[in-house]
1. Would you mention how many residues in the range 135-165 are without any contact (Cβ under 8 Å) to a residue 40 or more places away in the chain and closer than 21 Å to Arg182 by Cα?
2. Restricting the first residue to the range 251-268 and requiring it to be at pLDDT below 95, which pairs with a second residue that is among the aliphatic types (A, V, I, L, M) meet a Cβ separation below 6 Å and a spacing of at least six or different chains?
3. Scan the range 126-149 and give yes if some residue there is in a loop (DSSP other than H, G, I, E, B), open to solvent by 20 Å² or more (accessible area, probe 1.4 Å) and closer than 29 Å to Phe292 by Cβ, otherwise no.
4. Being farther than 17 Å from Phe179 by Cα and out of contact with any Phe, Trp or Tyr (no Cβ under 9 Å at 6 or more places or on another chain): is that true of Val239 here?
5. Can you name every residue in the range 221-264 that is over 22 Å from Arg320 (Cα atoms), out of contact with any Leu (no Cβ under 9 Å at 6 or more places or on another chain) and buried (at least 20 other Cβ atoms within 10 Å of the Cβ)?
6. Which one is surrounded by the fewest Cβ atoms within 10 Å (Cβ to Cβ), of the residues in the range 81-110 that are free of Cβ contacts under 8 Å to residues at least 40 places away in the same chain and within 15 Å of Phe154 (Cβ to Cβ)?
7. Do you know which residues across the range 63-80 are open to solvent by 20 Å² or more (accessible area, probe 1.4 Å) and assigned to a helix (DSSP H, G or I)?
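The values are calculated or read from the model by the stated rules, or taken from the named source; none is laboratory data. These numbers come from a predicted model, not from an experiment. Note: ideal-geometry Cβ built from the backbone for every residue, glycine included; neighbour counts use all protein chains shown. Surface areas here come from the heavy atoms of the whole protein model, side chains and all, with no ligands, DNA or RNA. Shrake-Rupley method; radii C 1.70, N 1.55, O 1.52, S 1.80 Å.
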Amino acid sequence: MTDAAPDASSAMTADAFARTTEAILASVGGVIDGKPEAVRSALVCLLAEGHLLIEDVPGVGKTMLARALAASVDATVRRIQFTPDLLPGDVTGVSVFNPVDREFEFKQGAIFANIVIADEINRSSPKTQSALLEAMEEGQVTVDGRTHPLPSPFLVVATQNPLEMEGTYALPEAQRDRFMMRISMGYPDQRSEALMLRQRDTLNPLDQLSAVVSADQVTALIAWARAVHVAPTIEDYAVALSHATRTHADLRLGASPRATLQLVRAAKVWAALDGRGFVIPDDVTALLAPVFAHRLIPTRSAGGARARGSADAVATILERIASNVRVPIAARQ
């Protein structure tokens, strides 16, 4: 790294941070051809203690990205296939009566893992989706009045199909707001797709992956990135961007305070990955759309009546907001 970050962990140094994160990016990038931005976004969510929502049409590698990240970390991993008949207890766990001890025992659900892959999350009912709310925000689940902490680090990587697809349910606003970032994979370019055909004819690249980082190392990476410096002017800039979404005439729902907090947290990791121990305005603006877009709801007159039109309208509005909000300039030394 070109500029040393603050000392956040005695076991982590600037060089160690760079080497470890590069190893993770290389490991996941070896499976996801031609999508370095998506791979970097997934790593940002992991190190910023957020959660990632991957939205795109079927068959473009959403689940592959989630599984590649999970395979690169030596931690507990569970995959939940969300279907219309999935119940909340399948996710969080249930209390089962033990006739021998004559008492109820809690049986953990699939959410009890360091990395949880929630595949096609919007194919389950809103009732089942709501089972993730407490877990994603507080790192715990409450069943029958008893609270059970989740392991740390904890990351939910969810995939969803566009709402135009058959058999999908829209994620509630409270659910969307708990995802730090939403990204789209997009179709690969012709070169990457041809390479995929040659490499995966007889071999699954996931079978070749091995963990390059342990859960303890991830914790150290998180602590290092958390200590990256954010100047008060940068904090004010992030708040100004959030406030602009709340007062914009074409938005009926703006960014929440949680969104502002997660924008700054993600910017810290973005800066650390670029080898800096401090956040600059470009870090914030680079993450504005991935962090804010899925939380915003445009008015009907601005294109909010259709799902595709809504996404396009939000992208345009965010571009205007970024161009209108004053960017802080560093003071001369």
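1. Here the count works out to 2.
2. Leu251/Leu296; Arg252/Ile297; Leu253/Ile297
3. At the first step, the residues of the range 126-149 found to be in a loop (DSSP other than H, G, I, E, B) are 139, 144-145.
Add one more test, that the residue is open to solvent by 20 Å² or more (accessible area, probe 1.4 Å), and what stays is 139, 144-145.
Next, from what is left, pick out any that are closer than 29 Å to Phe292 by Cβ: 139.
Yes, there is a match, as at least one residue in the range 126-149 is in a loop (DSSP other than H, G, I, E, B), open to solvent by 20 Å² or more (accessible area, probe 1.4 Å) and closer than 29 Å to Phe292 by Cβ.
4. Numbers: farther than 17 Å from Phe179 by Cα: yes; out of contact with any Phe, Trp or Tyr (no Cβ under 9 Å at 6 or more places or on another chain): yes.
So Val239 passes the test.
5. Answer for the range 221-264, where residues must be over 22 Å from Arg320 (Cα atoms), out of contact with any Leu (no Cβ under 9 Å at 6 or more places or on another chain) and buried (at least 20 other Cβ atoms within 10 Å of the Cβ): just Val228.
6. Ala110
7. Let us first name the residues in the range 63-80 that are open to solvent by 20 Å² or more (accessible area, probe 1.4 Å), namely 63-64, 67, 71, 74-79.
Passing the criteria: Thr63, Met64, Arg67, Ala71.
Residues are listed down the side, and each one gets a yes or a no for (1) closer than 30 Å to Met136 by Cα; (2) part of a loop (DSSP other than H, G, I, E, B); (3) open to solvent by less than 60 Å² (accessible area, probe 1.4 Å); (4) among the hydroxyl-bearing types (Ser, Thr, Tyr):
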{"position": "Gln175", "(1), (2), (3), (4)": "yes, no, yes, no"}
{"position": "Phe179", "(1), (2), (3), (4)": "yes, yes, yes, no"}
{"position": "Tyr187", "(1), (2), (3), (4)": "yes, yes, no, yes"}
{"position": "Leu195", "(1), (2), (3), (4)": "no, no, yes, no"}
{"position": "Arg198", "(1), (2), (3), (4)": "no, no, no, no"}
{"position": "Thr202", "(1), (2), (3), (4)": "no, yes, no, yes"}
{"position": "Asp207", "(1), (2), (3), (4)": "yes, no, no, no"}
{"position": "Ala211", "(1), (2), (3), (4)": "yes, yes, yes, no"}
